Amino acid sequence: MRGAAAHIVSEVERVLGGRADHTSEEWPEPLPLQSELPPVDTMHEDLLPSSFRALVRDVAERMQIPIDYPAAVIVLSLAGAVNRRARIQPKANDTSWLVVPNLWGAIIAAPGFLKSPTIQAITRPLTRIQDAWWQEHKEALRAYHRSNEEFELRCAAWKDQFKAAAKQGRAAPAHPEGGPDEPHLRRLIVNDATFEALHQTMAVNPAGILVVRDELTGWFSQLDKVGREGERAFALQAWNGDTGHTIDRIGRGTVHVDACCMSMLGGIQPGRLRSYLAEALEDGPGNDGLIQRFQLLVWPDPPREWRYVDRLPDTGAEQQAEAVFETLVRLDAERPVSLHFESEAQELFADWLAGLEFKVRGDDLHPALVSHLSKYRSLMPTLALLFELADSAGCSNSISLKHAQLAAQWCEYLASHARRVYSCITTPQLRAARELAQKIKQRKVGADGPFSCRDVYLKNWSGLDTPESVKQAAEVLDDAKWLRALESESGPLGGRPSARYEVNPRVWK
């Protein structure tokens, strides 16, 4: 009798709440889901130019952050300091292929992992150079106003002399010589500006500029707004580093830039990056290769250990980096330094390029990742050029085998991070399964009994907002023993049966 009563209670619980349909002992142990984030290569300071290693090491130790963060920012800062002041011919004989060493990149990390402080600390040497230029501009502007005031007085006196000469029938006096030219502010860093303002800045700074954004999500959303198509096209051209651009505006006239050049660095959160990638890489106007132009995307694992560090910043390391930057920003963009590979380095590049072409022309990679890795054709020679300039203080005429090897190692390192970045796009079914698994663990799904796909997608959760995405996620979790599909039954009005699932109670243990 006791057994029959227990059976009745069990049936009542199953009908009312669905909690006792099967005991956890009857279920197999759920399998762990495949990790969403593939492993990435580790950054080592030996991969950096020697003049920057001390600064990168100092910032990483004081902030207790992965060395990847300051390493990526220092390379992007180096690109911003050079831009159109130098270029490289990657092939020995093909003079039509010239690469300008500007770069885009970002730190990918969750909130609270010191992305902005890292950017501020590493770019401080560039900021000091920019501040010095501001002071020089203020002095030049004061001198200009004095000279222009004197010129205007000479013009006013000339007018009186001209009128008097005309009345008396004498020869007109010579017009005063041309007035002083208004000085233009030399710019190195831009934080926030409209694309018209960026274009105007580039018109008077032919070397190009470095855009530093603490949070790149705002920049992405700005480009995606209706009516900002022109700004998006301008950004794509500025990445090339050697493409001209003309803007015509009523009231402003015509402003032409022979070669727009922009390096960019910033930070972005993983969740926001996933959302942007999911939208940008769908077939549509947003799938124009903009995100693939961020060649230096670093997404290291967060540090598992932490220790308290309280010491002064290494001012010597900052000064050493600043000295390199000061040397490079003095290079003339009108007569850029042109470099090529030495013979052994040229052979290395040819072999490396052949391997890259074999990879991107195969069928094993997602199209988004193929588009990203194809940009490495210019990334490898760009890095080799930047490393050579940093270690030689801009005095070298060719790129050594050592720096070509460093560039190739960087490309391998960055490719591992790119695979992590695009893993959330290349495995949408797994991504949806992980989202559904998280909702199950939080008891938002399945805790009150069997559920249907409709029960999930009507909640409009990100990644689970369509019947197909929920169905695919449920299939993955079914294979992993998280769920069990129940026999489908048609509703009272007939029609196609709706799939229902019950949750393995072991997932909550």
Check your understanding: Filter segment 235-258 for residues that are in contact with a strand residue (DSSP E or B) (Cβ under 6 Å, 6 or more places away or on another chain) and within 23 Å of L273 (Cα to Cα); which is surrounded by the fewest Cβ atoms within 10 Å (Cβ to Cβ)?
Key -> Q237
Study note, to complete from the structure: Taking first residues from segment 295-312 that are hydrophobic (A, V, I, L, M, F, W, C) and second residues anywhere that are in a loop (DSSP other than H, G, I, E, B), the pairs with Cβ under 8 Å that are 6 or more apart or on different chains are L296/L103; V298/M43; W299/L37; W299/V40; W299/A109; W306/Q64; V309/Q64
Practice item. Hey, can you tell me all the residues within segment 63-98 that are of a type outside the set (D, E, K, R) and assigned to a loop (DSSP other than H, G, I, E, B)? Key: Q64, I65, P66, I67, P90, A92, N93, T95, S96, W97, L98
Review point. Quick one: which of L365, L379, L369, L389 is crowded, with 17+ Cβ neighbours inside 10 Å and part of a loop (DSSP other than H, G, I, E, B)?
Key: L365
Exercise for review: Might you check whether a residue that is in a helix (DSSP H, G or I), under 24 Å from the mean Cα position of the chain (by Cα) and surrounded by fewer than 21 Cβ atoms within 10 Å (Cβ to Cβ) occurs anywhere in segment 130-143?
Suggested key: yes
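When you check E196 against the structure, is it under 30 Å from S221 (Cβ atoms), charged (D, E, K, R) and surrounded by 12 or more Cβ atoms within 10 Å (Cβ to Cβ), yes or no? Don't jump to the end; show me each part of the working.
Values: under 30 Å from S221 (Cβ atoms): yes; charged (D, E, K, R): yes; surrounded by 12 or more Cβ atoms within 10 Å (Cβ to Cβ): yes.
It is true that E196 is under 30 Å from S221 (Cβ atoms), charged (D, E, K, R) and surrounded by 12 or more Cβ atoms within 10 Å (Cβ to Cβ).
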Exercise for review: Could you tell me whether R186 is modelled with pLDDT of 90 or more and over 18 Å from R85 (Cβ atoms)?
Suggested key: no
Review point. Restricting the first residue to segment 260-278 and requiring it to be touching a residue at least 12 places away in the same chain (Cβ under 8 Å), which pairs with a second residue that is part of a strand (DSSP E or B) and of a type in the set (D, E, K, R) meet a Cβ separation below 9 Å and a spacing of at least six or different chains?
Key: M264/R213; L265/R213; G266/R213; G267/R213
Revision key, fill the gap. Filtering segment 459-471 down to residues that are surrounded by 13 or more Cβ atoms within 10 Å (Cβ to Cβ) and either assigned to a helix (DSSP H, G or I) or among the aliphatic types (A, V, I, L, M) (or both) yields L464, P467, S469, V470, K471
**Study point:** Test set (1) surrounded by 20 or more Cβ atoms within 10 Å (Cβ to Cβ); (2) more than 19 Å from the chain's Cα centre (by Cα); (3) of a type outside the set (V, I, T) - L414 fails condition number
**Key:** (2)
Practice item. Please name all residue pairs, on different chains or six or more residues apart, with Cβ atoms under 9 Å, provided the first residue is in segment 331-349 and is outside the structural domain of L98 (by TED's automatic domain parsing) and the second residue is surrounded by fewer than 18 Cβ atoms within 10 Å (Cβ to Cβ) and among the small types (G, A, S). Key: none
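Somewhere in segment 354-364, is a residue in the same structural domain as N397 (by TED's automatic domain parsing), of a type outside the set (V, I, T) and more than 18 Å from A418 (Cα to Cα)?
First, the residues of segment 354-364 that are in the same structural domain as N397 (by TED's automatic domain parsing): 354-364.
In the following step, the residues that additionally are of a type outside the set (V, I, T) were identified as 354-359, 361-364.
Next, only the ones that are more than 18 Å from A418 (Cα to Cα) stay: 354.
Yes.
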Exercise for review: Only residues in segment 62-73 that are farther than 19 Å from A390 by Cβ count as the first member; pair them with residues that are of a type in the set (A, V, I, L, M), Cβ under 6 angstrom, at least 6 apart or cross-chain, and list the lot.
Suggested key: R62/V309; M63/L114; I65/L114
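Hey, could you check segment 99-112 for residues that are part of a loop (DSSP other than H, G, I, E, B) and surrounded by 20 or more Cβ atoms within 10 Å (Cβ to Cβ) and say which is farthest from the chain's Cα centre (by Cα)? It would help to see each step written out before you state the result.
Going through segment 99-112, the residues part of a loop (DSSP other than H, G, I, E, B) turn out to be 100-103, 109-112.
Now narrow it down to the ones that are surrounded by 20 or more Cβ atoms within 10 Å (Cβ to Cβ): 100-103, 109.
On the way: V100: 18, P101: 16, N102: 13, L103: 10, A109: 12 Å.
Residue satisfying both the conditions and the ranking: V100.
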Practice item. Have a look at A60, A54 and point out the one that is within 22 Å of the chain's Cα centre (by Cα), modelled with pLDDT of 95 or more and assigned to a helix (DSSP H, G or I). Key: A60
Point to revise | Tabulated pairs, segment 165-193, first under 20 Å from A79 (Cα atoms), second of a type outside the set (A, V, I, L, M, F, W, C), C-beta under 6 angstrom, 6+ apart or interchain | key: R187/T201; R187/N205; L188/Q130; I189/Q130
Exercise for review: Please verify whether segment 195-204 includes one or more residues that are in contact (Cβ under 8 Å) with a residue 12 or more places away in the chain and either under 16 Å from the mean Cα position of the chain (by Cα) or over 22 Å from A81 (Cβ atoms) (or both).
Suggested key: yes
Check your understanding: Quick one: L430 ticks every box in (1) at pLDDT 90 or above; (2) within 30 Å of R484 (Cα to Cα) bar one, so which box is it?
Key -> (1)
Exercise for review: Just name the residue that is modelled with the lowest pLDDT out of those in segment 270-319 that are exposed (fewer than 13 other Cβ atoms within 10 Å of the Cβ) and either hydrophobic (A, V, I, L, M, F, W, C) or in contact with a Phe, Trp or Tyr (Cβ under 8 Å, 6 or more places away or on another chain) (or both).
Suggested key: P302
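The values are calculated or read from the model by the stated rules, or taken from the named source; none is laboratory data. Just so we're clear, the structure is a prediction, and the values are computed from it rather than from any experiment. Don't worry about glycine lacking a Cβ; one is built from the backbone with ideal geometry, like all the others, and counts go over all protein chains shown.
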